[in-house]
Amino acid sequence: MISFWNSIDRLAREGLKIAWFGAAIMLLGKILPDYKWLFWFGAGSTLTGLILQQRGAHLKKIDATPRMLTNEIKKDLLHALRNIPKQPLGVYYFGQDTEAKQYAAQIKELFEATGFSVECFSGFLVFEARSGLSVTVYNGGQSDTTATRIRDAFSVAGLEVLLETNPNCMKPVIQFAVHQKSLRVN
């Protein structure tokens with residue numbers, strides 16, 4: 001029913017339409033004195049539309065800035081990742097998302113600079129879209145020391161990484177994934 005929530009651009013456009021609709025209802029409420037409630041309904045609709053439009057514009061601005069590893073984060077990660085037992089791993093990024101691919105490339109370079117062997121760098125598809133970063137340990141289901149310490153290193157640097165296990169047999173056993181960018185605002 002409310003399909004404009006699927007797109008930031010549509011959210012801003014539809015919010016503006018709702019605001020104009022509310023303004024027209026307010027005018028109608030002023031013209032028809034027996035229906036004063038129309039004025040207040042229109043005022044509420046206008047306010048709601050303007051809030052949606054502003055929220056869409058704000059989310060569009062956030063979406064336009066790509067994720068990057070700052071020099072401070074790189075320094076923290078380089079220091080933390082050097083002391084982790086090395087194991088081959090894969091770095092993956094969400095589908096055809098250029099921003100996720102560029103961010104994953106920065107993370108791949110960081111892993112290689114600290115002595116990890118990155119055996120695979122490619123995109124992946126998912127059935128349920130997620131955001132953020134994750135590290136998955138395959139072939140057994142128990143937590144892997146290397147994967148746990150990778151997650152902890154990113155956490156110390158201020159980046160949240162979800163640690164998952166999967167019993168399926170995969171190579172490399174540890175796979176680091178860059179999902180879509182989160183539009184969550186703190």
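The values are calculated or read from the model by the stated rules, or taken from the named source; none is laboratory data. Treat the numbers as computed from the prediction; the structure is a model and nothing was measured. A quick note on method: Cβ atoms are made from the backbone with ideal geometry, for glycine too, and the neighbour counts reach across all protein chains shown. To get the accessible areas, we keep the full protein, side chains included, count just its heavy atoms, and leave off ligands, DNA and RNA. Shrake-Rupley method; radii C 1.70, N 1.55, O 1.52, S 1.80 Å.
Determine whether Lys61 is within 22 Å of Gly158 (Cβ to Cβ) and open to solvent by 100 Å² or more (accessible area, probe 1.4 Å). Considered against the rule, which asks whether it is within 22 Å of Gly158 (Cβ to Cβ) and open to solvent by 100 Å² or more (accessible area, probe 1.4 Å), Lys61 comes out as yes.
From Gln96, Gln142, Gln180, grab the single residue that is touching a Phe, Trp or Tyr at 6+ places or on another chain (Cβ under 9 Å) and at pLDDT below 95. I'd like the intermediate steps shown before the answer.
Details: Gln96 fails: touching a Phe, Trp or Tyr at 6+ places or on another chain (Cβ under 9 Å); Gln142 fails: touching a Phe, Trp or Tyr at 6+ places or on another chain (Cβ under 9 Å).
So the residue among Gln96, Gln142, Gln180 that is touching a Phe, Trp or Tyr at 6+ places or on another chain (Cβ under 9 Å) and at pLDDT below 95 is Gln180.
Of all residues in the range 117-131 being closer than 11 Å to Leu89 by Cβ and either in contact (Cβ under 8 Å) with a residue 40 or more places away in the chain or open to solvent by less than 40 Å² (accessible area, probe 1.4 Å) (or both), which is farthest from the chain's Cα centre (by Cα)?
Of the range 117-131, the ones closer than 11 Å to Leu89 by Cβ are 117-121.
Next cut, either in contact (Cβ under 8 Å) with a residue 40 or more places away in the chain or open to solvent by less than 40 Å² (accessible area, probe 1.4 Å) (or both) only: 118-120.
Numbers: Val118: 23, Glu119: 25, Cys120: 22 Å.
Filtering first and then ranking leaves Glu119.
Only one entry of Leu125, Leu163, Leu133 meets the criterion of being hydrophobic (A, V, I, L, M, F, W, C) and touching a Gly at 6+ places or on another chain (Cβ under 9 Å), and that entry is Leu125.
Check whether at least one residue in the range 36-46 is within 37 Å of the chain's Cα centre (by Cα), outside any loop (DSSP other than H, G, I, E, B) and of a type in the set (Ser, Thr, Tyr), and report yes or no. Show your work before the answer.
First, the residues of the range 36-46 that are within 37 Å of the chain's Cα centre (by Cα): 41-46.
Subsequent filtering for residues that are outside any loop (DSSP other than H, G, I, E, B) retains 41-46.
Still in the list and also of a type in the set (Ser, Thr, Tyr): 45-46.
Checked against the condition, which is being within 37 Å of the chain's Cα centre (by Cα), outside any loop (DSSP other than H, G, I, E, B) and of a type in the set (Ser, Thr, Tyr), the range 36-46 yields at least one hit.
Scanning the range 7-18 finds no residues that are at pLDDT below 80, open to solvent by less than 60 Å² (accessible area, probe 1.4 Å) and closer than 30 Å to Asp152 by Cβ. Leu69 meets all of the listed conditions (1) touching a strand residue (DSSP E or B) at 6+ places or on another chain (Cβ under 8 Å); (2) at pLDDT 90 or above but one, namely (1). Filtering the range 132-160 to residues that are in a helix (DSSP H, G or I) and open to solvent by 40 Å² or more (accessible area, probe 1.4 Å) leaves Thr145, Arg149, Arg151, Asp152, Ser155, Val156.
Does the range 71-90 include one or more residues that are among the β-branched types (Val, Ile, Thr) and without any contact (Cβ under 8 Å) to a residue 40 or more places away in the chain? Explain how you work it out, then say what you get.
Quick first cut of the range 71-90, residues among the β-branched types (Val, Ile, Thr) only: 73, 84.
The next check asks that each one be without any contact (Cβ under 8 Å) to a residue 40 or more places away in the chain; those that pass are none.
Scanning the range 71-90 turns up no residue that is among the β-branched types (Val, Ile, Thr) and without any contact (Cβ under 8 Å) to a residue 40 or more places away in the chain.
Can we say Tyr93 is hydroxyl-bearing (Ser, Thr, Tyr), surrounded by 13 or more Cβ atoms within 10 Å (Cβ to Cβ), part of a helix (DSSP H, G or I) and under 27 Å from the mean Cα position of the chain (by Cα)? In short, no.
Scan the range 96-116 for residues that are open to solvent by less than 50 Å² (accessible area, probe 1.4 Å), more than 18 Å from Lys171 (Cβ to Cβ) and hydrophobic (A, V, I, L, M, F, W, C) and the total you get is 5.
The residues in the range 21-54 that are open to solvent by 50 Å² or more (accessible area, probe 1.4 Å) and touching a Leu at 6+ places or on another chain (Cβ under 7 Å) can be counted, and the count is 2.
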